[in-house]
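Since every read-out is calculated from the coordinates, none of them should be taken as a lab result. Here the structure is a predicted model, which means the values were calculated and not measured. All Cβ positions, even for glycine, are placed from backbone atoms using ideal geometry, and neighbour counts span all protein chains on display.
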Amino acid sequence: MKKQKSILLSLIAVAVLGVGIFTTMNVETKETVLIGTTLPDYTVEFLAENTPFAIKGKVIDLVQVPVQYDDAGGWNIFTDVVITVQDDLNVKYTDDTITVRVQGGETNKAKYVYESSPEFVIGEKVFILVSDKEPESIYGNNYYVGGLMYGKYNLDDPDKAKNKDPDRNMSVKSLEEKIKTAKSKSNT
Amino acid sequence: MKNNTKTSMILSTTTIALLVVMLTPNAAFASTPWYGGSALPNGDAGFWFHCTSLNVLNVDGDTTDNCTKVQSKVGAAMVTYNNLGNSIDYYNTPTFTDHWVYATNLGLFGNSAEATYPNIDDGYVRFNNLRSFGTTGGCQTTLGITYAYNLQWLSHHELGHSAGLLHAPQTDTSTMVPTCKSTWSTVQTQDDSVLDSHYP
């Protein structure tokens, strides 16, 4: 009886060990692939004057997009960022949510990071200047962030608007004033 | 007395030397950052030019048959890298091997160009076909926005990414500063020294 128990325990121990080793051996460590980019130094004022929506909201979902191929056959990796809309400073956008497509994301093989892409996390409060849909572009029939990283600010701190480029950080008040001034200029 | 004079001279010289070091601009010691991965396998990359897309890239105000112009300007930048005195070898290939140069629509408010780093098999340098480029000139500023107009300057920058160089701080004397300036005209000393250490 004692012998049987010890055999059973040994078998369980071997099984647990086996599963552990199998799991460890099969853990995929995804390689990170960086893509270097050259982005014109778009100012907030320029983007505000030339994009249709200035959205304040909260990120609620990040959806990986399957690899997309452009007209020349080049690969493109995207993530769709779903944002609940709290305010559009331009008072034009009417839906409750907006989805913007950003370069970068994950495939089975690797994580792709584009240097100039705006970065989003679920739950983050954001401000984005949204470019109109350009169906002929790599973004297809989707909205994207105008000026890429220069068109997105993190608003988790109620007083501070933070950009991926720290030199562009400013107060939320200052950001809103810049946008309203630029917008009024483009409307006259 | 004699000893005092000697000591004071040594102290003065040391102080002056220290001041010179402290007052020398940081840029003199700047180093272009490396992307963190391995260098190009064998130090080389073969570039295939996708003429179907490059022919219609806007170069010198013209949008027809521009592949030759692009090949000439990217080719000149490739020669700059090949002549640096390290083991980098950029060359043209008639068919795709590991890298290609092409043009696509990266969006009106998107990147002007993009390039992969060395840790990828299917590498590229690609230009935004919504931008206007040129075979002369340098950087261009329109409506307060600066971008690289000269294709050869832009290619120096993109091929730096292809070799493994990240962006350097904008104040550096580097072809890898993020926003176009005159230092894009060729590969600079601080870029070259980093490449030397990865492509001996």
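Between the amide H of residue A:86 and those of A:56, A:57, A:58, distances stay under 5 Å, these residues lying 5 or more places away or on another chain, with hydrogens modeled in the peptide plane.
Fewest-first ordering of B:173, B:142 by other beta carbons within 10 Å of each residue's beta carbon gives B:142, B:173. Could you please state, rounded to a whole Å, how far the C-alpha centre of region A:90-122 is from the C-alpha centre of region B:140-165? Taking the Cα centre of each part, region A:90-122 and region B:140-165 sit 25 Å apart.
On the beta carbon distance between residue B:8 and residue B:197, with R0 = 41 Å, the FRET formula returns roughly 0.45. Taking amide hydrogens as placed 1.01 Å from N in the peptide plane, the amide H of residue A:170 sits under 5 Å from those of A:161, A:163, each at least 5 positions away in sequence or on another chain. Please sort through the DSSP H helices of chain B and keep those with an alpha-carbon extent of at least 30 Å along the long axis and a Kyte-Doolittle average not below 0.0. Counting only whole DSSP H runs, the qualifying helices are B:2-23.
Contact order for region A:34-186, expressed relative to its length and based on alpha carbon pairs under 8 Å spaced 6+ residues apart, stands at 26 percent.
Taking every residue in A:152-160 and counting other chain Cβ atoms within 10 Å of its Cβ, the average works out to 0.
Taking the Cα centre of region A:31-148 as reference, the dipole from Cβ charges on Lys and Arg (+1) and Asp and Glu (-1) amounts to some 260 debye.
Partner lysines whose Cα lies under 26 Å from the Cα of residue A:173, excluding those fewer than 8 positions away in the same chain, are identified as A:56, A:58, A:92, A:125, A:152, A:160, A:162, A:164, A:183, A:185. Quick one: work out the % antiparallel among DSSP beta bridges in region A:34-186, nearest 5. Here the antiparallel bridges make up roughly 90 percent for region A:34-186. For B:157, B:198, the sequence from fewest to most other C-beta atoms within 10 Å is B:198, B:157.
Legend: translational diffusion of the protein assembly as shown by Stokes-Einstein, Rh = Kirkwood radius over C-alpha pairs, 4 °C, 1.567 mPa s; D = 55 µm²/s. Annotation: lysines with alpha-carbon distance below 20 angstrom to residue A:109 (same-chain offsets under eight excluded): A:30. The fewest-to-most ranking of B:131, B:126, A:168 by surrounding Cβ atoms within 10 Å reads A:168, B:131, B:126. The value for region A:86-174 of Rg(Cα) / (2.2 N^0.38 Å) is 1.15. Taking only the C-alpha atoms of chain A, the Rg (one decimal) and the largest Cα-Cα distance, Dmax (whole number), read 23.2, 93 Å. For residue B:146, the residues whose amide H sits under 5 Å from its own are A:41, ignoring neighbours fewer than 5 places away on the same chain, with H placed 1.01 Å from N. Scalar couplings 3J(HN,Hα) for region A:171-182, obtained by applying the Karplus form with A = 6.51, B = -1.76, C = 1.60 to θ = phi - 60°, are 6, 4, 4, 5, 4, 5, 5, 4, 5, 5, 5, 5 Hz; x denotes Gly and Pro. Counting Cβ atoms of other protein chains within 10 Å of each residue's Cβ and taking the mean over peptide B:139-149 gives 3. Can you check what the net charge comes to around residue A:52, using other residues whose Cβ is under 14 Å from the Cβ of residue A:52 (Lys, Arg +1; Asp, Glu -1)? Once all neighbours under 14 Å are counted, the net charge is -2. Dividing the C-alpha radius of gyration of chain B by 2.2 N^0.38 Å, with N its residue count, gives 1.28.
Considering only alpha-carbon pairs that sit under 8 angstrom and 6 or more positions apart, the relative contact order computed for chain B is 24 percent.
Evaluating 6.51 cos²θ - 1.76 cosθ + 1.60 at θ = phi - 60° for every residue in region A:62-74, the Karplus couplings come out as 10, 10, 6, 9, x, 3, 10, 10, 7, 4, 7, x, x Hz, glycine and proline recorded as x.
Measuring nothing but alpha carbons in region B:31-117 and taking Rh as the Kirkwood radius, the Rg to Rh ratio lands at 0.99. Here's the list of aspartates and glutamates a cross-link from residue B:181 could span, going by alpha-carbon distance under 13 Å and ignoring same-chain residues fewer than 8 apart: A:41, B:172.
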